[in-house]
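The values are calculated or read from the model by the stated rules, or taken from the named source; none is laboratory data. Bear in mind that the values here come from a model prediction, so they are computed numbers and not experimental data. Backbone-built Cβ (ideal geometry, glycine too); neighbour counts: all protein chains shown. For the accessible areas, the whole protein counts, side chains as well, though only heavy atoms, and no ligand, DNA or RNA atoms are used. Shrake-Rupley method; radii C 1.70, N 1.55, O 1.52, S 1.80 Å.
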Amino acid sequence: NVIKFNCALGAKPGRIRSVELHNSNFGMNKVEEIDDDVYIPMLTIDSLGLTDVGMIQLVVEGSELDILKGSVETLKTNQCLLMLEINDSLLDQITEYLSEIDYIFYKKISRVDYIFMSKNSLKNEDN
């Protein structure tokens, strides 16, 4: 099953606005925290209370690390596959962070798409 939410994701709950980065690519936006009345709610993946998660895919224009920081409990509990589109400049930082929560690089599937897996799920595959 796929669940879609009309919100932004981040390291902590809050309110953000979307800022267009490139006017010819409608999907290329970034978010900024704000304190006014025009906003998008920002949640964490952990706050969604998801169970039985098999995979999380993120294509988020540089916000991967913030979103991963807000999904630690979900990742530890579900040991799910992560498919991330990552800019090369962030790859080392994200790989290091994921290693701290027992995830390892598994496979590069395109120029910018990477798969990470829980160390525990790899051990279970070997048995």
(request) Compute the signed sum of charges (Lys and Arg +1, Asp and Glu -1) over the other residues within less than 15 Å, Cβ to Cβ, of D88. (result) -4
(request) Compare D46, D92, D52, D102 by solvent-accessible area with a 1.4 Å probe and give them largest first, with all protein chains kept in place. (result) D52, D92, D102, D46
(request) Starting from the Cα-Cα distance between Q93 and N120, subtract it from 0.36 nm times their residue separation and give me the gain in nm to one decimal. (result) 7.6 nm
(message) Suppose all protein chains stay in the model; what accessible area per residue would a 1.4 Å probe give for the range 56-120, in Å²?
(response) 51 Å²
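Gain in length, Y39 to T51, computed as 0.36 nm per residue apart minus the alpha-carbon separation, to one decimal in nm? Intermediate values should be presented prior to the final figure.
Working: separation 12, 0.36 × 12 = 4.32 nm, distance 2.82 nm.
The span from Y39 to T51 would gain 1.5 nm if fully extended.
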(message) How far apart, in nanometres, would the label points at R111 and E61 be if each is projected 7 angstrom from Cα along the Cα-to-Cβ direction?
(response) 1.9 nm
(request) Using 0.36 nm per residue of separation minus the Cα-Cα distance, give me the extension gain between V2 and E73 in nm, one decimal. (result) 23.6 nm
(request) Step through the residues of the range 52-66 one at a time and calculate ³J(HN,Hα) from phi using the Karplus curve (6.51 cos²θ - 1.76 cosθ + 1.60, θ = phi - 60°), rounding each to whole Hz and writing x for Gly and Pro. (result) 6, 8, x, 7, 10, 10, 10, 10, 10, 6, x, 9, 3, 4, 4
(message) Under the rule of at least 5 residues apart or a separate chain, name every residue whose amide H is placed under 5 Å from the amide H of V112.
(response) none
(request) Provide V53, V2 ordered by accessible surface of protein heavy atoms (probe 1.4 Å), highest first. (result) V2, V53
